[in-house]
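The structure appears below as structure tokens.
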Amino acid sequence: MDPLLDLMFLPSGLGLNIVRFNIGAGSLPQYSPQLHTDALLRWRGMPGYWPSHTGQFNWTADSRQQAVLLGAKARGANVFEAFSNSPPWWMTVSKDVAGGSEKFQTNLKSGYEGRFAWYLVKVVERFKTDPALGNIEFDTLELFNEALEG
């Protein structure tokens, strides 16, 4: 991975300085794609830090994306943007982080708005205060990435 990070972030390569970080949503442990069998490929899944409403946070769930983030920072990246594609699976109506069954309808369960916001804030606060996560301070936090479809 180091040669690729060098090419992307070092001045001798592309010299990119912005990194977008996807705060993952995980998936139902016994997940069987119902809505998006063709679209939800394994490589598109993003592990979540809060795997269930009763579970503990797992700060190593997304170690590969964290390694890219830390590698980019070590090579001079200085703008960090956090975003989310979905609330954690257990906060969704469909239990599917790839979307709901109704177009233009929210997949976030009613009453979970505060918990979802708290989750996102908890993640960015942890990155800021945890040396193992690079003490990265995110410049932006987007609740949804490309929130409208159609």
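Within the range 3-25, being open to solvent by less than 90 Å² (accessible area, probe 1.4 Å) and charged (D, E, K, R) holds for one residue alone: Asp6. Filter the range 44-72 for residues that are aliphatic (A, V, I, L, M) and assigned to a loop (DSSP other than H, G, I, E, B); which is most open to solvent (accessible area, probe 1.4 Å)? Restricting to residues being aliphatic (A, V, I, L, M) and assigned to a loop (DSSP other than H, G, I, E, B), the top hit is Met46.
Quick one: which residue in Ser110, Ser101 is in a loop (DSSP other than H, G, I, E, B), modelled with pLDDT of 90 or more and out of contact with any helix residue (DSSP H, G or I) (no Cβ under 9 Å at 6 or more places or on another chain)? One residue alone meets the criteria, Ser110. Just need a number here: residues in the range 95-111 that are free of Cβ contacts under 8 Å to residues at least 60 places away in the same chain and in contact with a Ser or Thr (Cβ under 8 Å, 6 or more places away or on another chain). Residues flagged as free of Cβ contacts under 8 Å to residues at least 60 places away in the same chain and in contact with a Ser or Thr (Cβ under 8 Å, 6 or more places away or on another chain) within the range 95-111 amount to 3. Ser84 - would you say it is of a type outside the set (A, V, I, L, M, F, W, C) and out of contact with any Phe, Trp or Tyr (no Cβ under 8 Å at 6 or more places or on another chain)? When the stated conditions are applied, Ser84 does not pass them.
Hey, any hits in the range 75-83 for a residue that's assigned to a helix (DSSP H, G or I) and among the small types (Gly, Ala, Ser)?
So far as the range 75-83 goes, no, none of its residues is assigned to a helix (DSSP H, G or I) and among the small types (Gly, Ala, Ser).
The set of residues in the range 101-122 being of a type outside the set (Lys, Arg) and in contact with a strand residue (DSSP E or B) (Cβ under 7 Å, 6 or more places away or on another chain) consists of Asn107, Leu108, Phe116, Leu120.
Being under 17 Å from the mean Cα position of the chain (by Cα), outside any loop (DSSP other than H, G, I, E, B) and surrounded by 18 or more Cβ atoms within 10 Å (Cβ to Cβ): is that true of Phe138 here? It is false that Phe138 is under 17 Å from the mean Cα position of the chain (by Cα), outside any loop (DSSP other than H, G, I, E, B) and surrounded by 18 or more Cβ atoms within 10 Å (Cβ to Cβ).
The values are calculated or read from the model by the stated rules, or taken from the named source; none is laboratory data. None of the values given here were measured: they were computed from a predicted structure. Cβ: placed from backbone, ideal geometry, glycine included. Neighbour counts: every protein chain shown. These area figures cover heavy atoms from the full protein model, side chains too; ligands, DNA and RNA do not enter into them. Shrake-Rupley method; radii C 1.70, N 1.55, O 1.52, S 1.80 Å.
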